1. Just wondering, is there one or more residues in the stretch 377-391 that are among the β-branched types (V, I, T), in contact (Cβ under 8 Å) with a residue 60 or more places away in the chain and touching a helix residue (DSSP H, G or I) at 6+ places or on another chain (Cβ under 6 Å)?
2. Please count how many residues of the stretch 283-336 are of a type in the set (S, T, N, Q), at pLDDT 95 or above and surrounded by fewer than 18 Cβ atoms within 10 Å (Cβ to Cβ).
3. Which residue, of T97, T129, is hydroxyl-bearing (S, T, Y) and out of contact with any helix residue (DSSP H, G or I) (no Cβ under 8 Å at 6 or more places or on another chain)?
4. Restrict the check to the stretch 332-343 and report whether at least one residue is assigned to a loop (DSSP other than H, G, I, E, B), within 29 Å of R267 (Cβ to Cβ) and of a type in the set (A, V, I, L, M, F, W, C).
5. May I ask you to verify whether E145 is crowded, with 24+ Cβ neighbours inside 10 Å and free of Cβ contacts under 8 Å to residues at least 40 places away in the same chain?
6. What pairs come up if the first residue lies in the stretch 49-71 and is on the phi > 0 side of the Ramachandran plot, the second is among the small types (G, A, S), and their beta carbons are under 6 Å apart, counting only those six or more places apart or on different chains?
7. Please find, within the stretch 155-171, the residue that is surrounded by the fewest Cβ atoms within 10 Å (Cβ to Cβ) out of those that are within 17 Å of the chain's Cα centre (by Cα) and closer than 23 Å to R377 by Cβ.
8. Would you point out which residue out of G209, G221 is touching a residue at least 60 places away in the same chain (Cβ under 8 Å) and closer than 26 Å to Q81 by Cα?
Amino acid sequence: MNRAPSATAARTPADFKTRVQAVTAVAAQHAASVDSAARFPEEAFAAVKSQRLLGILVPERLGGEGADLAQVADVCYQLAQACASTGMIYAMHQIKTACILRHMRDSQALGRLLRRLCAEQLLLASSTTEGQGGGNVRASEAPVEYRDRRISLERRASVISYGAYADGIVTTARRSSDAAASDQVLVAFLKDDYTLTRLQGWNTLGMRGTCSEGYTLKASGAADQIVPEPYEIIHPQTMVPCAHLLWGSVWAGIAADATARAQGFIRLVVRQSGGQTPPGAPQYTRALASLRTLRGMLASSLRAYQRSMDDPKALASLEFQTMITLTKVEASELAVSIVLSAMRACGLSGYRCDSEFSIERHLRDVLSAPIMINNDRILTNLGSSSLLTPIAASIGD
């Protein structure tokens, strides 16, 4: 299996922070219009491509920069403070990049794809849900069809986030027409390989700029566009950990900006009132403390994953899978709580849509977190296995 670089091997370019800040400035400027019009954040992603941030996870030998997952998570965190949809789209792109990179083995075709991704700054979309299966990403209805060395796929995808704006789509599929629904592969198609026919729109409470519409995906390509390792390996070793950690970083970024707005409001009131603390101040303190908890939890889970990412046995362990799955549940619930506390700290100024301290967009966006792979589904699936998880005997365990 090909592995992403370890934390010690990763390189941070001298101008990395400056490059991300250049993007966040653009993303913040257009975040309100992206949300109100439910449109793709084209200005932000023009800046992402200009700053060459789409290929940072790819190693230098393939044209990238060899960033590690913690560095990518920090980009997600910063982008989401400016525009939640921009942060989430960036996160989903990097999740698919990681899946290809870590499981491509010695595939020349996928190596060429990653080189093109870096050189041309290609944006990859994800397609893992379809038909009646809904959020069950470990079952596929549509099979890959084979003819000579060519493949084809027709898939009714209930959601393909930013599919109409991506340069490629990485999708799950049933391995063949006679394979079980759980016998899946991951396939990478570039834009010339497929067509999209719109099935449903995307008029939602939040995360409106992700443009997560439904499509019929009709694709064809070469057989070596299939990622060599089966999805049953990709899913627990890369897809789930990267998704939960990068999504969590996005939600933390939303919560961080909401908390910053609450801080600004409290400071303004204290100055204007001659030092009197407003009634909402305790809620700001609660938001700040919870944000520290959230950031610490994500940092701890990132370290745990990076320690184990070269050890398939450790990644497959019940302890790791439970930890990384509950990271998603805890991060999503905590982020919602933080944003609510920030709104309460700001009072009516946070509740209003036309205030400089408005938290309404943050709240709408972060409410997607518990239902993005529904927390109830996750907790139900963990119900039996969690009974086998040992309870720590000491505080250091």
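The values are calculated or read from the model by the stated rules, or taken from the named source; none is laboratory data. These numbers come from a predicted model, not from an experiment. As a convention, Cβ positions derive from the backbone with ideal geometry for all residues, glycine included, and neighbour counts pool all protein chains shown.
1. Yes: one or more hits.
2. Summing the residues that are of a type in the set (S, T, N, Q), at pLDDT 95 or above and surrounded by fewer than 18 Cβ atoms within 10 Å (Cβ to Cβ) in the stretch 283-336 gives 3.
3. On inspection, the qualifying residue turns out to be T129.
4. no
5. no
6. G63/A119; G66/A10
7. Selected residue: V159.
8. G209
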